[in-house]
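Colleague: Have a look at the structure that comes next, please.
The values are calculated or read from the model by the stated rules, or taken from the named source; none is laboratory data. The structure presented is a predicted model; accordingly, all values stated were derived computationally and were not measured. Methodologically, a virtual Cβ is constructed for each residue, glycine included, from the backbone with ideal geometry; neighbour enumeration extends over all protein chains shown.
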There are 6 protein chains.
Amino acid sequence: MTPNYLKKQRPVSDSFVIMTELVLPNDTNTLNNLMGGRMMHLMDIAAAIAAQKHSNRIVVTASVDNVSFRDPIRLGNVVTLQAQVTRSFSSSMEVHIDVWAEDIPSGTKVKTNEAFFTFVAVDQSGRPIDVPEAVPETADEIALYDGALRRRQLRLVLAGRMKPIDATELRALFEIA
Amino acid sequence: MTPNYLKKQRPVSDSFVIMTELVLPNDTNTLNNLMGGRMMHLMDIAAAIAAQKHSNRIVVTASVDNVSFRDPIRLGNVVTLQAQVTRSFSSSMEVHIDVWAEDIPSGTKVKTNEAFFTFVAVDQSGRPIDVPEAVPETADEIALYDGALRRRQLRLVLAGRMKPIDATELRALFEIA
Amino acid sequence: MTPNYLKKQRPVSDSFVIMTELVLPNDTNTLNNLMGGRMMHLMDIAAAIAAQKHSNRIVVTASVDNVSFRDPIRLGNVVTLQAQVTRSFSSSMEVHIDVWAEDIPSGTKVKTNEAFFTFVAVDQSGRPIDVPEAVPETADEIALYDGALRRRQLRLVLAGRMKPIDATELRALFEIA
Amino acid sequence: MTPNYLKKQRPVSDSFVIMTELVLPNDTNTLNNLMGGRMMHLMDIAAAIAAQKHSNRIVVTASVDNVSFRDPIRLGNVVTLQAQVTRSFSSSMEVHIDVWAEDIPSGTKVKTNEAFFTFVAVDQSGRPIDVPEAVPETADEIALYDGALRRRQLRLVLAGRMKPIDATELRALFEIA
Amino acid sequence: MTPNYLKKQRPVSDSFVIMTELVLPNDTNTLNNLMGGRMMHLMDIAAAIAAQKHSNRIVVTASVDNVSFRDPIRLGNVVTLQAQVTRSFSSSMEVHIDVWAEDIPSGTKVKTNEAFFTFVAVDQSGRPIDVPEAVPETADEIALYDGALRRRQLRLVLAGRMKPIDATELRALFEIA
Amino acid sequence: MTPNYLKKQRPVSDSFVIMTELVLPNDTNTLNNLMGGRMMHLMDIAAAIAAQKHSNRIVVTASVDNVSFRDPIRLGNVVTLQAQVTRSFSSSMEVHIDVWAEDIPSGTKVKTNEAFFTFVAVDQSGRPIDVPEAVPETADEIALYDGALRRRQLRLVLAGRMKPIDATELRALFEIA
């Protein structure tokens, strides 16, 4: 059988990860709310595991897209993160992460965050190495796959590695005609 | 609608929890293997969340059944824990936990542990409070539900709170006739 | 004397913060490099302190702009973060963060990251509360102040809270005429 | 003089360990009580040190017997653990642990837990290696030594590695005649 | 019976504490040796527990005397700290701490540090409150008790709260006649 | 250009370090004040980085001079540490540390501690290695440089490595004529 790391293509659902965490005192600020930095730390671990599962490689964080923090998450809440690769580009993989916070005694559960992290697969010396093509299957997976190109252009423009004029997918968003 | 904590009965699958953790340096011994105590710490958190989900209450650990550690889990491995309530007794709930360790670069994943933890639901003053009856639905859930009585007798005997002679379910295991 | 939290205007340099951290084993992945999530955790703490200093209030993270990770940071390296408020909008403050990694035995120091975090000042009940106007003084501070409006529009568009057509500052980037 | 790891026999008291810990915020649940998983983590460290002292080897946790948690242990309490090897079997050692919690300002100290952990001594490659015979000397040590065989049979039966019918020591507990 | 905190006098041995810790990766520098700051953290916890036991009060660290670090302590070593009150002065207590490091596989154990910490007993508002007189009983305890006055004068001189000319006990050390 | 580690002399200001930390729940005692041991842990890290910067070497803590703790530092406070080498002696460096605690919402900032730590520069095998001479430039730096000899004599006397009679600098403090 072909080992996973030799496969040319893998369904994105192979990379699906669920992570569950309890908010502990040291994760919180003086209002007893989870600090944003700790949340990003959790997102990075969940997303890195998804990227590892897609590539069967060691992965390093390449970039984090804009993340918004809407609702406070309280001490004692249960945080659930779901991460899955959306698309791959040579050695890099975009991962989508959804986060929910649950206050179990009161029975409330709200979606608090959504984010995109990008990882690069590397060999033991830290050099980038190609990963399998990521194949979307469901309608949601296809929508995330299609948007990945536009988000990638935004990342490159923001990092100064692409001229806005060349970001054709992105420009379409801002232009009328 | 009846709030969950007023429900008399809930399917055991309502309490299902998946937890995923990356093994970090401070979790390991000098052989770079995950320490048993850290594993039990993770099991306790996963199982407590399952018991919280069943009861919509704060829960405290009441006991841990015999746990065996077979295979070493390495630094950098991904540990996946799945926890689900098996049965409830007044204010206490037994939770079953399965653990897998995955070495993603080599593509190996092995089941490393299986355990039963028992929790008691408490109110804000720490007093025990009744929880919904746990209803098994699948064949596996029913088998775990049925075994819960025997495991409970073993716990009571080991804690010196039941005489071996009264542990009818347990005695059946050791007697010929 | 007017206490700081009653001041209508404050120079952005009042909020300047330097944070220095040693990269410890638990901060690193299996290649012994600092994990991206841990870096974002440090950035969030440094930036939150800058926002606290500007507003003399408790602050909560509202959003993180795109962050790129270029160079690996090694176990034992010294990480230096410098954070300063760039501009305020009612109760929110944008903070700019620069990060350097230094390998002291080899005498190398490289700039590894640059990021923008946004915080909201809140009262003891967690309700947003106005902060002083942030006044830039140097040429660099003025450039960061001027760009803040464009970055804010991008944040609002990405969060689905502004239509691209209304993001006038942002559109200027992508349009020719 | 014979180095310890070449000795054929050692008194069990050579392995005696006292560990004292202060309960910190991150060790506690939302009722400010020490979490059961953190307690098991401490027990595992204390017991592992006792097994190391008996064998002068690296040791790995092989199993944990049933542990009950009776009394809540509060934030700020002082936890004292005492661990000592009870008996050895080829490369494995059973360790007995007693735990007390002390609320110093109120002057109360209660015994909260008692447990048995089993460890295996390993060489640098992780392969099991024989340990000295453990020699009990006091009446308490002899009682623990004598019970070790019965507990070992229970562990083997629970792990599915011994048939209940063959667990002669254990059967004696449950049979009338 | 008189509760401990109403006692006028207590033997110093009532405060005796043994603490045992395993050196974990995050406690070490890039040479895999325990960092001095982590050692002082452990000393402070052990000594604070001894001061709590003498006074049955909450205690806060008032000062640390000169501490020398002679021998490197390695990752995986077992550190044993023994702390005991030497003498009390109104609301303050001097605590003596001895530290040993043990490399169990090689069977070596060396005394690595000795230190004196001073604590003040406080009430719930943080105000100093008198503690029982500390009574030494053995020859070693008496020697430590007698030296406490000289060390206290050195502390006061170094803190600028006593003139060297008034430090009669201390002067005796440095003068010939 | 001469690499730093080959330089014979360096200004002390080359080693200047600022460290900023937020007081988190696990850093505090039951009065919600920063524990002394955690403060010393932070001081040791800041001072070690200063000594690394002066020597471009791995450094190990050799000793800590008397440290006093005057004012309580609260949960949520911002702690700022400033460290700088004062003088070097062959392979050892004395580092001076100033600490401030800031309660940002109330706008108060107080100096809470001042300390001297000594470090030894070592090579990869842990053997002491000479460091550049430390050159003071400002009046404050010169005063600290001049006092270093007296503090060094006190350290040697306290460590039993110098007879009080030979501590000429120190004796001058305690003698009248």
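Colleague: Collect the residues in segment C:57-76 that are over 20 Å from F:Met19 (Cα atoms) and more than 7 Å from chain A (Cβ to nearest Cβ), keeping them in residue-number order.
Modeller: Those that are over 20 Å from F:Met19 (Cα atoms) and more than 7 Å from chain A (Cβ to nearest Cβ): C:Arg57, C:Val59, C:Arg70, C:Asp71.
Colleague: Report, ordered by the first and then the second residue, all pairs with beta carbons closer than 8 Å, sequence separation of six or more or different chains, a first member in segment F:150-171 that is without any contact (Cβ under 8 Å) to a residue 40 or more places away in the chain, and a second member that is in a helix (DSSP H, G or I) and of a type in the set (Ser, Thr, Tyr).
Modeller: F:Gln153/F:Thr168
Colleague: A further question on this structure: Select, from B:Thr86, B:Thr118, the only residue that is in contact with a Pro (Cβ under 9 Å, 6 or more places away or on another chain), within 20 Å of D:Ala159 (Cα to Cα) and buried (at least 22 other Cβ atoms within 10 Å of the Cβ).
Modeller: After applying the criteria, what remains is B:Thr86.
Colleague: Oh, and also: Would you pick out the residues in segment A:115-127 that are free of Cβ contacts under 8 Å to residues at least 60 places away in the same chain and either of a type in the set (Ser, Thr, Tyr) or more than 10 Å from chain C (Cβ to nearest Cβ) (or both)?
Modeller: A:Thr118, A:Ser125, A:Arg127
Colleague: Then there's this: Part of a loop (DSSP other than H, G, I, E, B) and aliphatic (A, V, I, L, M): which single residue out of F:Val131, F:Val99, F:Val110 fits that description?
Modeller: Selected residue: F:Val131, the only one of F:Val131, F:Val99, F:Val110 that is part of a loop (DSSP other than H, G, I, E, B) and aliphatic (A, V, I, L, M).
Colleague: Return only the number of the condition from (1) buried (at least 20 other Cβ atoms within 10 Å of the Cβ); (2) touching a Leu at 6+ places or on another chain (Cβ under 6 Å); (3) more than 8 Å from every other protein chain (Cβ to nearest Cβ) that F:His54 does not satisfy.
Modeller: Every condition holds for F:His54 apart from (2).
Colleague: Still on this model: Quick one: which of D:Asp140, D:Asp130 is out of contact with any helix residue (DSSP H, G or I) (no Cβ under 8 Å at 6 or more places or on another chain), in contact (Cβ under 8 Å) with a residue 12 or more places away in the chain and surrounded by fewer than 16 Cβ atoms within 10 Å (Cβ to Cβ)?
Modeller: Checking each option against the conditions leaves just D:Asp130.
Colleague: Please go through segment F:116-136 and pick out each residue that is under 19 Å from the mean Cα position of the chain (by Cα), under 16 Å from F:Lys53 (Cα atoms) and hydrophobic (A, V, I, L, M, F, W, C).
Modeller: F:Phe117, F:Phe119, F:Val120, F:Ala121, F:Val122, F:Val131, F:Ala134, F:Val135
Colleague: Could you tell me whether any residue of segment E:24-45 is at positive phi and either within 13 Å of chain F (Cβ to nearest Cβ) or under 12 Å from the mean Cα position of the chain (by Cα) (or both)?
Modeller: yes
Colleague: Assess whether F:Ser106 counts as being touching a residue at least 12 places away in the same chain (Cβ under 8 Å), surrounded by fewer than 20 Cβ atoms within 10 Å (Cβ to Cβ) and of a type in the set (S, T, N, Q).
Modeller: No; evaluated as a whole, the condition is false for this residue.
Colleague: Turning to a different aspect of this structure: Scan segment E:71-109 residue by residue and report those that are over 23 Å from F:Ser63 (Cα atoms), of a type in the set (Gly, Ala, Ser) and within 16 Å of the chain's Cα centre (by Cα).
Modeller: E:Ser88, E:Ser91, E:Ser92 - these are the residues of segment E:71-109 that are over 23 Å from F:Ser63 (Cα atoms), of a type in the set (Gly, Ala, Ser) and within 16 Å of the chain's Cα centre (by Cα).
Colleague: Would you call B:Ala177 modelled with pLDDT under 95 and over 20 Å from the mean Cα position of the chain (by Cα)?
Modeller: Yes; evaluated as a whole, the condition is true for this residue.
Colleague: Could you count how many residues in segment B:77-100 are within 13 Å of chain D (Cβ to nearest Cβ) and farther than 23 Å from D:Ala115 by Cβ?
Modeller: 0
Colleague: Which one is nearest to the other protein chains (Cβ to nearest Cβ) among residues in segment E:144-171 that are hydrophobic (A, V, I, L, M, F, W, C) and not in a helix (DSSP H, G or I)?
Modeller: Per the criteria, the residue is E:Ala159.
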